[in-house]
Structure formats: structure tokens, C-alpha cells
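The values are calculated or read from the model by the stated rules, or taken from the named source; none is laboratory data. What you are looking at is a predicted structure, and each value in this text was computed from that prediction instead of being measured. Using ideal geometry, Cβ is built from the backbone for each residue, glycine included, and neighbour counts are taken over all protein chains shown. All accessible areas refer to the heavy atoms of the entire protein, side chains included, with ligands and DNA or RNA removed. Shrake-Rupley method; radii C 1.70, N 1.55, O 1.52, S 1.80 Å.
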Amino acid sequence: MNDFPQMPHIFSIPKEKVILPFPCTVNPLCAWLENQTTTWLLNSRFTKSNAKLLSIVKEARFHELAARVHPRADKNGLLLISNLISFLFFFDDLLDTSRSRIGTDPSLVSEVADLTFNAFRGMPYSIKAMGDLPLDSVYQERLSSLCALLCHTTSQLKSYANGTDHYLAAAREYLDAIVEETHLRGQGCYSPTVDEYVALRLRSSGVMPCLELGAIVHNCYVPDLLRSTEIFQAAQRACNLNCSYVNDLLSYPKELKTGEGFNLVMVLQRSAAGNVQAAFEDAWQTTLKTVEDYLKVRADLVDQGDGAVGYLQLMEDWMAGNLDWSLNASTRYSCSTTTHPDSQNG
């Protein structure tokens, strides 16, 4: 197995040496998808002619993440995947920060989560309900645009054979975890143990809704009996944590600068008596172990039918594509850019 190399220097991952045992390829529809994403931004109420925001999104290249984690998707499937990925990044910027009007108010974020879940279910969001929220027009316009995007995505899923039960369950779990994070953020001094951090990170990462949407658009059916097994859940867990930890490693300097604390390196730093070098190296080794954990159970799943093989492919594409995009294709973690409204001056 070609593994990640040893971390040679704090805050850096050597691009030329990072090799996963799964190849990363880019969907040939990537350029087409970029045009679709730009069209949505220009036609929705999300941007409000905000040139700075458009520039940030263009540099972050969210569409390239979709093209890397789903290299074999067709146009319709790839667009739906990109819609969800874009939603998750934009929604995270709106809520998952101490600078957010929503992200520091647990009761408000709970209302927002419920409205958003209705949109996940394909229910037209209520303009009145959105207007009743104690938010300024920019927040309302962003949330309305994101809810409309989710409603459209769900409406398109009706043409696929797989049902949406697992996708919606993962979306609800994600939103509930965001509410829980808001409660913890409000405590200010919350210092989770590693186990506490992992338990919440698994639900709040957004990886599971993406995998379940991918299973739908690729017509990848996994029987509930197999889903309930320890080996299948272990593979999901390893994939989820791998993507989450890569995010944590690369976003640590950015999150440190913005005052956020929900990051694996920061959690490990507290247990390492403040030694950030030791914490970063520990986080690096923890990330390597997710690949080992995945490969341990992979062999037991490849003989479990086409659905299992297809889902394994989804997870491997996600691990390889997420790492490649994070290192090579996006500015998301290399600078302090965000689509949060308070950072935009038009």
C-alpha cells in the first residue's frame, strides 16, 4: 500500500508525495459544470451582484470538488452532486462560525435547520417563515436561495430508482449536529475530548449526505441488512473521518486565525499541553489510520454484491478526490476567504 508520507513540516502536506491507494480522476464535464454553477450564482438571490463573493466562489472551485469525487457521473447526476456540495459550503459559512448571527444562537439555528430540512424533503420553503426569522435581508436572501437549490435537487431525484430515505436521514443528522455545535459554540470554553469530537464530527461533516446522494444518482443500492453490519459502517466511518481530517489539517491555520476551535488539531493540542507541532503530527497519523481502517474492511465488502462494490467506489472517489481538490485545485483552505455575509463588502 502506498501511504501518506510522514509530515515533514507543520502546516504543509507535500503535494508530490501524497499518494492514496485509490486513483483520482476528474470528470470530463468539469468545465460544463463550472458554467452551470456560475449561472446559478448569477441568477439566484445568493450573490446580489456581489463581485467579491463571485470571485471567492470562483477561486474556491467547488465544482471541481464535485468533478473529482464523482468522476463517472453524467450531467444530471454531477449537477445534483455539485448543488449539494455548494450548499454545504455556503451553509457552513453562514452558520459554522462565531462571527455568524445564526451560528451563535441555538434557538435560531434550530429554526433554520427545520426550514432547511423541509427544503431537503422537497417542500417549498415558506417565504413568510423565512421573513419571520430575526435576520437581515442578506441572510434571508442567502437562505432562500439555498432552500430553493435543495428543493430543486430533491425534485430531480424522483427520476432515480433508489429512494431518498438514507439521503434524508443523513441530511437530518447533519442539521441536528449543526444545532448541537451551535450550543457548544455558545459555551465558549467547551473543550471536547477526542472521542467527543469524533462523535460529533462524524455527523456534522456533511460527508454522509454526499455519499447517500451519490448512491442515488449512480443507482447504487445497498440492502439495509448490509448497511446494518459492522464492516459496512466501519468503511463509512473511515471514509467520513478521512475527508474530515484532511479538512482539519489544511484548515487549521485559517480556523486558528478566525477563532474557531472545532478542529482535530486543536483538540489534540489541548491533550498535548499546547504543543502544536506534536498535535499536528498526531493528527497526521490519525488521518493515515483512517485509510488503514478502510482497507481492513474493504476486502470483506467486495464480495457483497454490486451495491457494495458501487458504494466502495463512491467512498474511494471521495477520499481521493477530496484530498486532490484540497491540495491542488482550491483556495478554500489556503487563505481566510469565506462566503460569510459579514466578510463581504460588495
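How high is the FRET efficiency from Asp136 to Ala169, r the C-beta distance, R0 51 Å, rounded to 0.05?
Working: r = 33 Å, r/R0 = 0.64.
Efficiency at R0 = 51 Å is approximately 0.95.
Calculate, in nm to one decimal, what Leu295 and Asp195 gain on full extension: separation in residues at 0.36 nm each, minus their alpha carbon distance. List each step's numbers first, then the result.
Values: separation 100, 0.36 × 100 = 36.00 nm, distance 2.19 nm.
Computed gain between Leu295 and Asp195 is 33.8 nm.
Rounded, prolate or oblate: pick one for the stretch 132-279, where a ≥ b ≥ c are the square roots of the eigenvalues of its C-alpha gyration tensor, a/c under 1.5 means rounded, and failing that, prolate if a/b is larger than b/c, else oblate. Don't jump to the answer; show the numbers that get you there.
On the way: a/c = 2.41, a/b = 1.31, b/c = 1.85.
Oblate is the answer for the stretch 132-279, as a/c is 1.5 or above yet b/c matches or exceeds a/b.
Taking 41 Å as R0, compute the FRET efficiency from the Cβ-Cβ separation of Leu226 and Leu256 and round it to 0.05.
Details: r = 41 Å, r/R0 = 1.00.
The computed FRET efficiency comes out at 0.50.
Roughly speaking, to the nearest percent, how much of the stretch 154-233's 1.4 Å accessible area is carbon and sulfur? Walk me through the numbers before you get to the answer.
Details: 1950 of 3740 Å².
C and S fraction of accessible area: 52 percent.
Note down the accessible area of Tyr221, probe 1.4 Å, to the nearest 10 Å².
Counting only protein heavy atoms, the figure is 140 Å².
How many percent of the alpha carbon pairs in the stretch 237-301 exceed a separation of 21 Å?
It works out to 26 percent of all Cα pairs.
May I ask for the net charge around Glu34, where only other residues with Cβ less than 11 Å from the Cβ of Glu34 are counted and Lys, Arg are +1 while Asp, Glu are -1?
Details: positive: Lys58, Arg61; negative: Glu64.
Neighbourhood net charge equals +1.
Tell me, in nm to one decimal, what length is gained between Arg121 and Leu54 on full extension, where the rule is 0.36 nm per residue of separation less the Cα-Cα distance? Present the calculation step by step, with values, prior to reporting the outcome.
On the way: separation 67, 0.36 × 67 = 24.12 nm, distance 2.82 nm.
Value of the extension gain: 21.3 nm.
Taking a probe of 1.4 angstrom, what is the accessible area of Asp300 in Å², to the nearest 10?
Its accessible surface works out to 80 Å², give or take rounding.
Mind ranking Ser44, Ser244 by accessible surface for me, highest first, 1.4 Å probe?
Numbers: Ser44 25, Ser244 5 Å².
Heavy-atom accessible area, descending, gives Ser44, Ser244.
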